[in-house]
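Notes for the one structure printed next.
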Amino acid sequence: MTMLNKPVGIIGTGSYVPEKVLTNADLETMVDTSDAWIQERTGIKERRIAPEGVNASDMATEAAKKALEAAKLTAEDIDCIIVATLTGDMAIPSTACLVQANLGATKAAAFDLSAACSGYVYSLITASSYINAGLFKNVLVIGVEVLSRVVNWEDRNTCVLFGDGAGAAVVSTVEAGYGMLGMDMGADGSGGMHLCIPSGGTALPPTTERREEGLTFIHMNGQEVYKFAVKTMGKTVLKALEMANMKVDELDFFIPHQANTRIIKSAADRLHLTEDKVFINLPKYGNTSAASIAIALDEAVRAGQLQKGDNLAVAGFGAGLTWASLVMKWC
Ligand code: COA
């Protein structure tokens, strides 16, 4: 089985993170935690926080502008915008529509995709499928989160983990032999309640009482999510490699979802990848959910760590529970 009939890949990336830094030392003054605990259990040193008035659509727009510039395209060249997020500006319109208006991408269809931390990889796969089918030529994929607004800043189990930011990629046809070669995506809804925001949808609309009970914030069974992540990360990459007809030792670079360095190390060990092949920026940003791989990919590209012809794997996991991975030859 091959993934696509046409060569489809990423032709430009961009990212944006807010300036405000919240360090572990800052958190020590807010909840009963310590820099040592956070670093030892998660690898996180600091995270970025969006100021009031800066929303998901604003950060997504900034990241998108940089991706368009890198791809040498204008907003008018974009046929579709997919925004992966769990912290969009509003229920409707979608954040993708707000970004479409901000950019002036008047020819683009626009929609949000909900797959939490796997959302960016789900969206890349969706974009490449549209292009492969001949429906669109250029698709703008964005992962963005303002998790600081759905985190309970009194809950040390969760508030130390998350951060805000955005990353974008332009997906288009590429030179033969390059681009997306293999993918894997899946879900296990039976584990959905291990990582959820109970109130905010239509089942439990947010009321003052529900807010006071903390139901509008992220609730997480950390240990269950940890076990799921460790079990899933290596497995999903191996499946994508199989579709790409590639062996693990042919991989040059791995960009995992940035949630926890222990989870990343366990996936890297399972794949027998040496440290130099694994990209980690988690200490700077924490877990930015759908934005995490998107920001990491842009940083790796801009730092010159990815070269044309490199075999790259990206893999995400998260709420749903969901997972997704992609193997591509960088172009
Ligand atoms: N500071 C200090 N202590 C903390 C703490 C914090 N920020 N958060 C939790 N603790 C405490 C707990 O209360 C517990 O105390 P107790 O033993 O007195 O009850 C103790 O530390 C151990 O908690 P535990 O949950 O067993 O820690 P852990 O080793 O499993 O690490 C996580 C917790 C959250 C770091 C880890 O489970 C994890 O990373 N899970 C995956 C989370 C994730 O990736 N989520 C996003 C998915 S996209």
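Under a Cβ-Cβ cut-off of 11 Å, what is the net charge of the residues other than Pro7 that fall near it, where Lys and Arg count +1 and Asp and Glu count -1?
+1
Express in nm, to one decimal, how much length is gained between Glu154 and Met90 on full extension, taking 0.36 nm for each residue of separation and deducting their alpha carbon distance.
20.6 nm
Please report, in cubic angstrom per residue, the volume enclosed by the convex hull of the alpha-carbon atoms of the stretch 144-199.
Spread over its residues, the Cα hull of the stretch 144-199 gives 150 Å³ apiece.
Let me have the 222 nm mean residue ellipticity of the chain computed from DSSP H runs of 4+ only, each contributing -39500 (n - 2.57), with the sum over all residues rounded to the nearest 500.
-9500 deg cm²/dmol
Using r as the Cβ-Cβ distance of Glu250 and Arg302, and R0 as 35 Å, what FRET efficiency do you calculate, to the nearest 0.05?
Here the calculated transfer efficiency is 0.90.
Take the Cα gyration tensor of the chain, multiply each eigenvalue by 5, square-root it, and list the three semi-axes largest first, rounded to whole angstrom.
Taking √(5λ) for each eigenvalue gives 29, 24, 18 Å, largest first.
What's the local net charge at Ala300, with K and R +1, D and E -1, over the other residues with C-beta under 13 Å away?
Here the charged neighbours net out to -3.
Fully extended, how many nm does the chain gain between Ala187 and Lys235 (0.36 nm per residue separation, minus their Cα-Cα distance)?
Full-extension gain reported as 16.0 nm.
If packing is taken as the average number of other Cβ atoms within 10 Å across a peptide's residues, how do 102-111, 169-178, 54-63 rank, most packed first?
Highest mean packing first, the order is 54-63, 169-178, 102-111.
Just want the answer: with Cβ charges of +1 for Lys and Arg and -1 for Asp and Glu, which residue in Gln100, Cys159, Cys80 is farthest toward the dipole's positive end in the stretch 8-177?
The residue sitting most towards the positive pole is Cys80.
So, by mean Cβ neighbours within 10 angstrom, what's the order for 17-23, 206-212, 257-263, 194-200 with the highest one leading?
Answer by packing, highest mean first, reads 257-263, 194-200, 17-23, 206-212.
Around Gly165, which amide H atoms from residues at least 5 apart in sequence, or from another chain, sit under 5 Å from its own amide H, with H modelled in the peptide plane?
Glu145, Leu147
Which semi-axes, in whole Å and largest first, does the equivalent ellipsoid of the stretch 1-114 have when worked out from the alpha carbon gyration tensor as the square roots of 5 times its eigenvalues?
Sorted largest first and rounded, they come to 33, 19, 14 Å.
If the cut-off is a Cα-Cα distance under 19 Å, which aspartates and glutamates reach Lys65, setting aside same-chain residues fewer than 8 apart in sequence?
Filter leaves Glu19, Glu76, Asp77, Asp79, Asp89, Asp112, Glu145, Asp164, Asp298, Glu299.
Please report the net charge: other residues with Cβ closer than 12 Å to the Cβ of Ile44, K and R +1, D and E -1.
+3
Please give, to one decimal in nm, the separation of the simple spin-label points placed at Glu19 and Glu52, each 7 Å out from Cα toward the Cβ.
1.8
For a quick check: with amide H placed at 1.01 Å from N, whose amide H comes under 5 Å from Phe253's, ignoring anything fewer than 5 positions away on the same chain?
Long-range HN contacts for Phe253: Asn311, Ala313.
Determine the dipole magnitude for the stretch 59-186: charges of +1 sit on the beta-carbon of Lys and Arg, -1 on that of Asp and Glu, nothing else is charged, the reference point is the Cα centre, and the result goes in debye to the nearest 20.
160
Would you list the membrane-span-like helices of the chain, meaning whole DSSP H runs whose alpha-carbon atoms span at least 30 Å along their axis and whose mean Kyte-Doolittle value is at least 0.0?
The answer, listed by residue number, is 222-243.
Rolling a 1.4 angstrom probe over the protein heavy atoms, how many square angstrom per residue are accessible across the chain?
42
Would the stretch 180-329 count as rounded, prolate or oblate if I go by the C-alpha gyration tensor, calling it rounded below 1.5 in a/c and otherwise prolate when a/b exceeds b/c, oblate otherwise?
prolate
Can you list residues from other chains, or at least 5 along the same chain, whose modelled amide H is less than 5 Å from the amide H of Lys20?
Excluding prolines and chain starts, which carry no amide H, the hits are Ile49.
Charges at C-beta only: +1 for Lys and Arg, -1 for Asp and Glu. How large is the resulting dipole of the stretch 180-329 about its Cα centre, in Debye rounded to 20?
Here the stretch 180-329 has a charge dipole of around 80 debye.
Which lysines have a Cα lying under 27 Å from the Cα of Lys231, excluding residues fewer than 8 positions away in the same chain?
Leaving aside lysines fewer than 8 places away in the same chain, those within reach of Lys231 are Lys45, Lys239, Lys247, Lys265, Lys277, Lys284, Lys329.
What are the ³J(HN,Hα) couplings of the stretch 276-290, residue after residue, when phi is run through the Karplus curve with 6.51, -1.76, 1.60 and θ = phi - 60°? Round to Hz, x for glycine and proline.
Running phi through 6.51 cos²θ - 1.76 cosθ + 1.60 with θ = phi - 60° gives 5, 8, 10, 8, 10, 10, 3, x, 7, 10, x, 8, 9, 6, 4 Hz.
Sticking with the crude label model, points 7 Å out along Cα→Cβ, report the distance from Arg210 to Lys65 in nm, one decimal please.
Simple spin-label model gives 3.6 nm for this pair.
In debye, nearest 20, what is the charge dipole magnitude of the chain about its Cα centre with +1 on Lys and Arg Cβ and -1 on Asp and Glu Cβ, if you could check?
Rounded to the nearest 20 debye, it is 720 debye.
The values are calculated or read from the model by the stated rules, or taken from the named source; none is laboratory data. The shown structure was predicted, so the numbers you read here are calculated from the model rather than taken from an experiment. Reconstructed Cβ throughout: ideal geometry from the backbone, glycine too, with neighbour counts over all protein chains shown. All accessible areas refer to the heavy atoms of the entire protein, side chains included, with ligands and DNA or RNA removed. Shrake-Rupley method; radii C 1.70, N 1.55, O 1.52, S 1.80 Å.
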